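Rule-based calculations on the coordinates, nothing more; no lab input. Keep in mind the model is a prediction, meaning the values are calculated, not measured. With ideal geometry, Cβ positions are generated from the backbone for all residues, glycine too; neighbour counts draw on all protein chains shown.
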Amino acid sequence: MDDDQLVVNLKKQDPDLKWPDIIESWESLAVGVMQLLKGTSIYLVGDSSEINEKIARELAIGLGYTPLNTKELLETYAKQTIDSWVIAEGSDSVATAESAILESLSSHVRAVVATLGGQHGAAGRADKWRHLYAGFTVWLSRSEATDEDSAKEEAKRNIQYGNQAYSNADVVVKLGGWDPNYAKSVAQASLSALKQLILSDKKLPGKKSLYIRMGCRGDWPNIKPPGWDPSTGGDASPIS
C-alpha cells in the first residue's frame, strides 16, 4: 500500500453515519465485487482472530465463496488450542505451521481465509507473506481515530514506520471499536475497499493468478520472469 491506500473508518457508535464508500447496498456490492475478483481468494489479517473469522464468514456468504479459518485448521491438526501450543512450543512454531497451511491454500480459488491474529500468526511476520500475496489481503485494524481523515493519517503512520507486517495488505479497514453485531458493516466496507482497488487496476486479479502460477515466490507486486530464484535474489526485470 502507498499513500493512496484505501481506508474505510466505521464509527459504530453512530449507526446513521455512512461514508460515501459504503452507501451501495450489500447485495449489489457483493455481486459486483464477485465479478471483479474473477475467483481470486481473500485473506483477512489483523490483531484479532475473532474479528478475522467473523468478517470472513460474512464475506463468504455474500460472495458465494468458501469460508476457511486457519485457527480451526491448526487446532484440528495439532489436537490442541493455539494457546496451549504457544505455551508448549512457542509462537514461532505456530507461525511456521500456519505458513505451511497458507501455502496449501494459496492455489485455492473462491475462498475467504481468516488468519490467526497477533504475533502468533504468519501474517504478523513480514517474512511469511509469500503465500498471502496469492489473494487479496484485507487488514482489519482497530483504530483510535474519530473520523475518516484521522484514520487515514493513522494508517499512513503505520506504513511509514514499517512496524506492522500487516502493512503488506492490499487494503486496510479501520474499525472504530468492535461489536460482532456490526460484522456485516465491516464486511461491506471491506468489499467497498476491494472494489476501489480493483477498479483502479483491473489487471490485478490476473496478476494474482500469474503470481500463483509462477510459484508464489515472494516477488509481489513486481513478478520476476520464469527461472528467477528468490534465494539468490538478483535484479531480473519484472514481467510487465
Gap in Å between the Cα centre of segment 37-107 and the Cα centre of segment 195-210? 23
Using DSSP to define loop residues, name the trypsin sites (Lys or Arg not before Pro) in segment 22-107 whose beta-carbon has at most 12 other beta-carbon atoms within 10 Å. Lys79
Counting pairs of alpha carbon atoms under 8 Å apart in space and at least six apart in sequence, what relative contact order in percent does segment 87-240 give? 21
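Rounded to the nearest 0.05, what FRET efficiency is calculated for Met34 and Arg213 with R0 set to 30 Å and r the Cβ-Cβ distance?
Details: r = 22 Å, r/R0 = 0.73.
Calculated value: 0.85.
Whole number please: convex hull volume per residue, Cα atoms of segment 101-176, in Å³.
Values: hull volume 7.2 nm³, N = 76.
About 95 Å³ per residue, rounded to a whole number.
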Provide the per-residue ³J(HN,Hα) series for segment 189-203, in order, calculated from phi with Karplus coefficients 6.51, -1.76, 1.60 and θ = phi - 60°, each as a whole number of Hz, with x at glycine and proline positions. 5, 5, 5, 4, 5, 5, 4, 4, 4, 6, 5, 6, 7, 5, 7
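Quick one: which of Lys54/Lys152; Lys38/Lys207; Lys156/Lys208; Lys71/Lys202 span more than 20 angstrom between C-alpha atoms?
Exceeds cut-off: Lys54/Lys152; Lys156/Lys208; Lys71/Lys202.
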How many nm is it between the label spots at Glu153 and Trp26, if each spot is 7 Å from the Cα in line with the beta carbon? 3.3
